[in-house]
1. Mind checking whether some residue in the range 198-205 is free of Cβ contacts under 8 Å to residues at least 12 places away in the same chain, more than 18 Å from GLN149 (Cα to Cα) and loosely packed, with under 15 Cβ neighbours inside 10 Å?
2. List the pairs whose first member sits in the range 92-106 and is touching a residue at least 60 places away in the same chain (Cβ under 8 Å), whose second member is of a type in the set (Asp, Glu), and whose Cβ atoms are under 6 Å apart, counting only residues at least 6 apart or on separate chains?
3. Quick one: in the range 17-36, which of the residues that are of a type outside the set (A, V, I, L, M) and in contact with a helix residue (DSSP H, G or I) (Cβ under 8 Å, 6 or more places away or on another chain) is farthest from HIS124 (Cα to Cα)?
4. Does the range 80-97 include one or more residues that are within 18 Å of ALA29 (Cα to Cα) and either among the acidic types (Asp, Glu) or crowded, with 19+ Cβ neighbours inside 10 Å (or both)?
5. Read through the list (1) surrounded by fewer than 18 Cβ atoms within 10 Å (Cβ to Cβ); (2) under 30 Å from ASP227 (Cβ atoms), then give the number of the only condition that VAL115 fails.
6. Only one of these conditions is not met by ARG138: (1) closer than 15 Å to LEU33 by Cβ; (2) charged (D, E, K, R); (3) modelled with pLDDT of 80 or more. Which number is it?
7. List every residue pair whose Cβ atoms lie under 7 Å apart, where the two residues are 6 or more positions apart in sequence or sit on different chains, the first residue falls within the range 211-222 and is over 10 Å from HIS45 (Cα atoms), and the second residue, located anywhere, is of a type in the set (A, V, I, L, M) and at pLDDT below 95.
8. Could you list all residues from the range 129-139 that are surrounded by fewer than 19 Cβ atoms within 10 Å (Cβ to Cβ), of a type in the set (A, V, I, L, M) and touching a residue at least 24 places away in the same chain (Cβ under 8 Å)?
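The values are calculated or read from the model by the stated rules, or taken from the named source; none is laboratory data. None of these values were measured; they are calculated from a predicted model. Note that we place each Cβ from the backbone using ideal geometry, even for glycine, and neighbour counts take in every protein chain shown.
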Amino acid sequence: MAATQDIVGHIHRVNALKNLAEKMGQMPAIHQLQQWQCERLLVTHSDLAQQPAYQQAMAFFVEELYGPKDFSQRDADIARVVPKLAKVLPNTAMNALNDALALNALSFELDQKMVSALEGKSLHDEPRNNDIYAMAYRQVGEQEARERQIAIIRDLGHQLADVVDIRGIGMLISLSRRPAKLAGLLSLHEFLQRGYETFKKLGDVNSFIDPVIAREEQIMLQLFQTDFDLETDNPIPHVPTL
C-alpha cells in the first residue's frame, strides 16, 4: 500500500512547483499549455473519445487527472485526512490515489519546463502549433520522466478498474457523501465518486487504456528519436484553435 507520507509528499511537491510558477509569472502560460494538451489528447484519440462507451473515461482523464482544473481544494482535503483514509479505503484505492497525485505533480513539473522552452509562444495563436510543441518537447528532453508519466497512467487505469471490483466499495462511497460534506471534504468525495462511476461503466479497461498507452508511447519515442524529422512527419496532430 502507498505510504501516507508519499501521498502528502506529492501534494507538497506540486504546491511548491505552483508557488514557484506564480512567482515567475508562469501560471497563465501553464494553464494555456495544459488546455492545449487536453485538446491534443482528444484529437489524437478522437476515435475513442467519440465512442459512447469511452467518452466518460476520456473526460475523466482529461478533466480530473490532468488539465488546467484547480485541484488545490481536493489536494488540501486529501492532505488533511489521508491517515484516516488509509484506515478506511482498500489498499488498491490508496495506491490509485497515490498514482493520481504523483501524475499531477510530475505533469506539472514537465509543463513548467515546456513553458520555459516555448519562450512565450502561444499554442492557441499559432497555425502550426503542433510543430512548435514538438520542438519544445524535444528541447526539454526528460525522456525518463515522460516514460514514467505514461507508466503511471497505465498503472492508474488498471488500479481504478480493480477498485470498482471491490465488493461494497460503491456503497461505501455513496454512504460517505453526507459525512464528507459535513467534514468539508466534498471536493475529495466528488473526485472519488466520479472515478468510481466512470470505471464502473467502462467495463473492460484494457480496451480503453491499451490503445491510449500504445499511441502515447509511439508519439513519445518519435519525438525523442533524433533522426526523426519533425518538420516533415510530426506525430503531434495539429490542434484547431477557437
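1. Within the range 198-205, one or more residues are free of Cβ contacts under 8 Å to residues at least 12 places away in the same chain, more than 18 Å from GLN149 (Cα to Cα) and loosely packed, with under 15 Cβ neighbours inside 10 Å.
2. THR92/ASP162; ASN98/ASP6; ASP99/ASP155
3. LYS18
4. no
5. Every listed condition holds for VAL115 apart from (1).
6. Status for ARG138: all satisfied but (1).
7. Pairs found: ILE213/ILE150; ILE213/ILE153; GLU217/ILE150; ILE219/ILE236; MET220/ILE150.
8. Residue satisfying the conditions is MET135 alone.
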